[in-house]
Amino acid sequence: MLSIIIPTLNEEKVIEKTLKSLRDYKGDYEIIVSDGRSTDRTIEISKKYADKVMVYEGITRQTIAMGRNLGASVAKGEYLLFLDADIYIPDINIFFARAISFFEKDSKLVGYSVYLKVFPEMANFADRFFFSLFNHMFYFLSNILHIGASYGEFQMVRNDSFKKLGGYNEKIAVAEDNEFFKRLAKSGKTIIDSKLIVYHTGRRAHKIGWPRLLVSWWVNQLSVSFLNKSYNSEWKEIR
């Protein structure tokens, strides 16, 4: 069984399209939306398509790591798939058949991710260049150097491995995805599948610009690597 976990916060513009596309999957699965107290129609829309909608009840602002962990806490699947709210998976049945086959064939595999691109109709030159660069970089880091690296937009893990590691580090607001995949790589095998692609809106780069986004990514990544905490205390929503 596959548990698909989507952390959300005010995602009414994209969440319905994402959830409807996931419902085309014919395998054994559940969809869990983990919401950080949205003030728009995200929760209402999610309840129409998701099997479970978890709403954060804490006092402080929920981090993405907290949202993912909350969703995972009620997941029943052997595999956990963490997705962003604006992700589209093409040929979904063929896609998941291939993804799951990697885990079934290799008992040492604990973490799996794929290439990421911006929707063709939304992509500009910078999107195509930088995501191609990062796709190949993450492939090299995970598949060749075996140190683990991945986008947070799509991360698939074994449930038992996730629990052993204690999930995502909830104290890290930014770059928690790479930090988690690095810990996974120390406990088993992680790979990036270059044959599969998922699409997203690229909205953060489009909103704040690639130069600013790149600086933010690298500053936070360095801070997490050397200080075990992100430079930014929160990852501001872009809607």
- Query: Checking ASP51 against (1) over 18 Å from GLU176 (Cβ atoms); (2) touching a helix residue (DSSP H, G or I) at 6+ places or on another chain (Cβ under 7 Å); (3) of a type outside the set (Gly, Ala, Ser); (4) surrounded by fewer than 21 Cβ atoms within 10 Å (Cβ to Cβ), which single condition isn't satisfied?
  - Reply: (2)
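For region 4-51, what are the residues that are within 23 Å of ALA97 (Cβ to Cβ) and part of a helix (DSSP H, G or I)?
So in region 4-51, the residues within 23 Å of ALA97 (Cβ to Cβ) come out as 4-6, 17-32, 49-51.
Listed by number, the residues that qualify are LYS17, THR18, LEU19, LYS20, SER21, LEU22, TYR49.
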- Task: Please state which one of PHE119, PHE140 is of a type in the set (Phe, Trp, Tyr) and over 17 Å from the mean Cα position of the chain (by Cα).
- Result: PHE140
- Message: Report every pair of residues separated by at least 6 positions or lying on different chains whose Cβ atoms are under 7 Å apart, first residue within region 100-126 and touching a residue at least 40 places away in the same chain (Cβ under 8 Å), second charged (D, E, K, R) and assigned to a loop (DSSP other than H, G, I, E, B).
- Response: LEU116/GLU153
- With ILE43, ILE100, ILE87 as the choices, which residue is modelled with pLDDT of 95 or more, surrounded by 19 or more Cβ atoms within 10 Å (Cβ to Cβ) and more than 30 Å from LEU214 (Cα to Cα)? ILE43
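The values are calculated or read from the model by the stated rules, or taken from the named source; none is laboratory data. Predicted model only: the values in this text are computed from it and were never measured. Every residue, glycine as well, gets a Cβ built from its backbone with ideal geometry; the counts of neighbours run over all protein chains shown.
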